[in-house]
Amino acid sequence: MIRIRDLLFGSAIFVAGLNCYGNPESAPINCVLQNPLSCPSVNFMPPELWKAVSQFLRSEEGRYFPNERDLPSQAGYGLGGPPDDRKDLGGGMFLFAACPPHDCGGQAVAVVLDKRGVVKGFGFSSFHCGADSPCNFDHRYLDFYVRRDSNAVDVIAALSDWGIHSVPHVHDAKVNEGISERTITHYLK
């Protein structure tokens, strides 16, 4: 005699199997850093992205999010929440963005990768919070980290567009007034 519990369990396994194998939209995503086109958002990125971002920002300092220490840690925190879809910037460059978990009210980060997955720039949208200073919720700031190379102008333009037009859920539009005066580009060595 088949128990109802066994029947329900078997049905659940069958439905799960149909969802995994019968639906092309649920097929596994094989995201690799060396091919950003294979990644629909930053949430699918492999651990190599975090290593690349850490290397890119390793010698820089800044305080953008509360309770975070070094810049690579803040970048990881910012990339750890709800992501935007990958944005094709043209010229073989892509922008991936996200906001901190449970804190998308104007705070966000973005990374620009080239077609080989090399970090070309990184952006922070924040209220300049720090471990030892309160957040300035009256003004949103944009801070960009970019290498001086042939792509720098395009990377800065992409990060600026993202920071001004794509950062989600700003609680009060007044925090964006005059944001161009609060946008700083840090050129990496």
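Taking segment 102-123 as the range and being within 15 Å of L188 (Cα to Cα) and either more than 13 Å from the chain's Cα centre (by Cα) or of a type outside the set (V, I, T) (or both) as the test, the residues that pass are V118, K120, G121, F122, G123. Residues in segment 153-169 that are part of a loop (DSSP other than H, G, I, E, B) and surrounded by fewer than 20 Cβ atoms within 10 Å (Cβ to Cβ) were compared, and the one that is modelled with the lowest pLDDT is P168.
Restrict the check to segment 137-152 and report whether at least one residue is in a helix (DSSP H, G or I) and of a type in the set (V, I, T). No, because not a single residue in segment 137-152 is in a helix (DSSP H, G or I) and of a type in the set (V, I, T). Selection of segment 142-158 for residues being of a type outside the set (D, E, K, R) and in contact (Cβ under 8 Å) with a residue 60 or more places away in the chain yields Y145, N151, V155, A158. Note on segment 36-83: residues that are of a type in the set (K, R) and at pLDDT 90 or above amount to 1. Name the single residue that is nearest to V155 (Cα to Cα) among those in segment 110-127 being at pLDDT 95 or above, assigned to a strand (DSSP E or B) and among the small types (G, A, S). For segment 110-127, the residue satisfying everything is G121. Here G117, G81, G90 are screened, and the one residue that is touching a Leu at 6+ places or on another chain (Cβ under 6 Å) and either without any contact (Cβ under 8 Å) to a residue 60 or more places away in the chain or in the same structural domain as S166 (by TED's automatic domain parsing) (or both) is G117.
The values are calculated or read from the model by the stated rules, or taken from the named source; none is laboratory data. All figures in this text were calculated on a predicted structure; none of them were measured in a lab. Glycine also receives a Cβ, built like all others from the backbone with ideal geometry; neighbour counts cover every protein chain displayed.
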